[in-house]
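Student: One structure is given below, represented as structure tokens, and several questions about it will come after.
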Amino acid sequence: LVDPVWFDAIGVVARQSTDVVACDDEEIVKAIRFIWQHACNQLTDDDVERHIDISRSLLNRKFKRIVGRTPKQEIVRLQMERAVDLLHQSDASIETIARQCGFNEAWYFISVFRKHYDVTPKKYRSRSGRPSDSEGAGGK
């Protein structure tokens with residue numbers, strides 16, 4: 001027998017085909033799928049509301065009851081997951097990563113990232129062992 005070879009995983013990539021939405025509320029399932037597909041395309045909660053065709057207050061109430069957060073919070077959560085993946089896997093500039101995560105402005109992306117992780121994207125990347133670039137937009 002051959003001895004097993006062990007190595008550290010660098011991450012797990014979630015595939016949409018393996019995502020499961022366990023929910024009986026068809027509007028919320030539709031909202032979740034729409035958010036998962038478009039979160040990094042400058043998606044807003046207005047876009048979700050229009051796609052589902054229910055009022056924002058009803059959407060927010062139902063979504064929060066079922067998912068545990070608002071549609072906007074889910075959008076940002078997915079954007080931040082994507083940002084972390086890109087910071088680990090690419091040497092792209094912070095400005096490029098910001099755009100790939102659905103942010104028009106790097107300074108706003110840096111602010112949101114810092115709020116979620118208590119560190120700037122540049123510092124996060126350097127802690128993960130990736131080379132970093134200038135954050136631009138006044139980031140430190």
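Student: Length gain on complete extension for the stretch Arg50 to Trp107, per 0.36 nm per residue less the alpha carbon to alpha carbon distance?
Tutor: 17.7 nm
Student: List the lysines whose Cα sits under 27 Å from the Cα of Lys30, skipping any in the same chain fewer than 8 residues away.
Tutor: Straight-line reach from Lys30, under 27 Å: Lys62, Lys64, Lys72.
Only the coordinates and a few stated rules stand behind these numbers; no lab work does. No experiment lies behind these values; they were computed from the predicted model shown.
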